[in-house]
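Enquirer: Once you've had a glance at the structure underneath, I'll fire off some questions.
The values are calculated or read from the model by the stated rules, or taken from the named source; none is laboratory data. What you are looking at is a predicted structure, and each value in this text was computed from that prediction instead of being measured. Reconstructed Cβ throughout: ideal geometry from the backbone, glycine too, with neighbour counts over all protein chains shown.
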Amino acid sequence: MTEHFQFALLSTGGSARRGRIDTPRGEIRTPAFMPVGTAGTVKALYPEQVRDTGADIVLGNTYHLMLRPGAERVARLGGLHQFMEWPRPILTDSGGFQVMSLSKLRKLEENGVTFKSHIDGSSHSLTPERSIEIQKLLDSDIIMQLDECVGLPAERDELDRAMQLSLRWAERSKRAFDDAKGRALFGIVQGGDDAGLRAISAAALADIGFHGYAVGGLAVGEPQEVMFRVLDEVVPHLPQDRPHYLMGVGKPDDLLGAVARGIDMFDCVHPTRAGRHGHAYTRFGVVNFKNARHRDDPRPLDEASSNPIARRFSRAYLHHLVKCEEILGAMILSQVNLAYYQELMSGMRSAIEAGRFDDFVAETRDGWARGDLPAVE
């Protein structure tokens with residue numbers, strides 16, 4: 001254990017990177033996928049189940065936690081780690097994305113953003129300084145700067161305006177952070193799908209100086225090829241001795257492609273959301289348990305899986321749970337999906353170390369292409 005935040009780059013395979021982040025609350029193996037615990041819980045899983053999937057770190061959401069139960073209340077109760085019984089590292093986002101996407105009534109100004117709560121309509125203000133204060137009250141290990149995220153497609157002038165505002169907010173976030181011992185502050189590269197703006201943002205953030213660098217403003221409706229093109233353009237501009245974090249991404253194929261382009265960290269609600277909607281991620285692709293083909297199938301989801309949950313229940317039973325909208329179905333499939341995501345990350349880490357990352361990607365995609373096991377006749 002260390003008293004400080006440290007990143008070590010252990011090996012590479014092309015642009016893919018195998019690394020390790022050391023924090024006072026434990027090690028984060030990279031490439032890493034962070035399950036999303038929006039309101040202090042990863043939906044449908046106990047904390048120990050999240051850990052059992054292989055997760056080293058989870059994400060908490062500043063916007064939701066500031067509204068309910070409130071950052072000051074969480075601090076009085078011992079901080080977010082104690083509150084949700086997760087003793088390992090936590091990254092909190094800044095709240096800016098949710099303000100922009102969830103609040104119907106909001107006003108964006110140089111100082112920050114004022115908005116109406118989507119819960120009860122109450123008025124709130126979020127500035128770079130207040131966002132950092134909230135994340136410190138939550139006792140986050142990795143803190144994100146406040147930024148403005150613009151959906152794509154957008155005009156260049158709008159992308160430029162938001163990027164420049166985010167840079168000014170980055171400077172204010174850095175001053176408010178004030179080198180808190182044992183914590184890390186990440187800057188967020190903005191600029192939409194414009195390579196020139198992305199380069200300006202990355203260079204300016206590197207000059208300010210952060211413990212890590214995130215790529216924001218993606219996974220906002222653009223095609224995958226656009227996201228990959230932006231990563232091709234922006235990642236070379238990021239400091240190579242710091243972690244690279246792609247925010248809000250994604251599906252398994254997105255993770256493969258982004259790691260190949262030099263990304264180290266990810267978060268996304270997709271695996272647990274998919275589980276709640278009856279979809280399971282496996283080595284042979286996505287299995288939709290709403291489909292009637294599973295109703296008489298006595299086989300487990302994947303008898304060869306390293307995950308005991310994937311070997312335990314019959315496909316017929318999982319289909320029954322999903323069709324009846326039983327909570328247990330969401331619990332099982334959410335855990336299955338998070339375990340598969342962590343297995344995918346572990347496979348990439350091992351492949352990079354072994355110098356066979358490209359082979360691993362090809363083999364993984366080939367397994368998905370072959371598809372699900374045939375249905376019982």
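Enquirer: Identify all residues within the range 229-241 that are out of contact with any Phe, Trp or Tyr (no Cβ under 6 Å at 6 or more places or on another chain) and not polar (S, T, N, Q); write none if there are none.
Expert: We begin by selecting, within the range 229-241, every residue out of contact with any Phe, Trp or Tyr (no Cβ under 6 Å at 6 or more places or on another chain); these are 229-237, 239-241.
Across the range 229-241, the qualifying residues are Arg229, Val230, Leu231, Asp232, Glu233, Val234, Val235, Pro236, His237, Pro239, Asp241.
Enquirer: Quick one: which residue in Glu363, Glu325, Glu353 is of a type in the set (D, E, K, R) and under 14 Å from Ala274 (Cα atoms)?
Expert: On the way: Glu363 fails: under 14 Å from Ala274 (Cα atoms); Glu353 fails: under 14 Å from Ala274 (Cα atoms).
Just one listed residue meets the conditions, Glu325.
Enquirer: So for the range 4-13 (the condition being surrounded by fewer than 24 Cβ atoms within 10 Å (Cβ to Cβ), touching a Pro at 6+ places or on another chain (Cβ under 6 Å), at pLDDT 95 or above and within 14 Å of Met265 (Cβ to Cβ)), does at least one residue qualify?
Expert: Initially, the range 4-13 is screened for residues surrounded by fewer than 24 Cβ atoms within 10 Å (Cβ to Cβ), giving 4-13.
Narrowing the set further to residues that are touching a Pro at 6+ places or on another chain (Cβ under 6 Å) leaves 7.
Going one step further and asking which of them are at pLDDT 95 or above, we end up with 7.
The next check asks that each one be within 14 Å of Met265 (Cβ to Cβ); those that pass are 7.
So far as the range 4-13 goes, yes, one or more of its residues are surrounded by fewer than 24 Cβ atoms within 10 Å (Cβ to Cβ), touching a Pro at 6+ places or on another chain (Cβ under 6 Å), at pLDDT 95 or above and within 14 Å of Met265 (Cβ to Cβ).
Enquirer: Let me ask you something else. Can you tell me which condition Val74 does not meet? The list is (1) assigned to a loop (DSSP other than H, G, I, E, B); (2) buried (at least 21 other Cβ atoms within 10 Å of the Cβ); (3) among the aliphatic types (A, V, I, L, M), and all the others hold.
Expert: (1)
Enquirer: Can I ask one more? How do the helices (runs of 4 or more DSSP H) wholly within the range 268-337 filter down when requiring 3 or more residues that are in contact (Cβ under 8 Å) with a residue 12 or more places away in the chain and more than 24 Å from Thr41 (Cα to Cα): which remain? Steps first, answer last, please.
Expert: Details: elements: 270-276, 308-312, 315-323.
Qualifying helices (runs of 4 or more DSSP H): 315-323.
Enquirer: In addition: I'd like the residue in the range 78-126 that is surrounded by fewer than 18 Cβ atoms within 10 Å (Cβ to Cβ) and of a type in the set (Asp, Glu) and, out of all such residues, is nearest to Ile21 (Cα to Cα).
Expert: Per the criteria, the residue is Glu85.
Enquirer: Let me ask something additional. How many residues are more than 26 Å from Glu133 (Cβ to Cβ) and either among the polar types (S, T, N, Q) or touching an Asp or Glu at 6+ places or on another chain (Cβ under 7 Å) (or both) when one looks only at the range 143-175?
Expert: 3
Enquirer: Select, from Leu205, Leu185, the only residue that is in a helix (DSSP H, G or I), under 27 Å from Glu27 (Cβ atoms) and not acidic (Asp, Glu). Outline the logic, then answer.
Expert: Values: Leu185 fails: in a helix (DSSP H, G or I).
After applying the criteria, what remains is Leu205.
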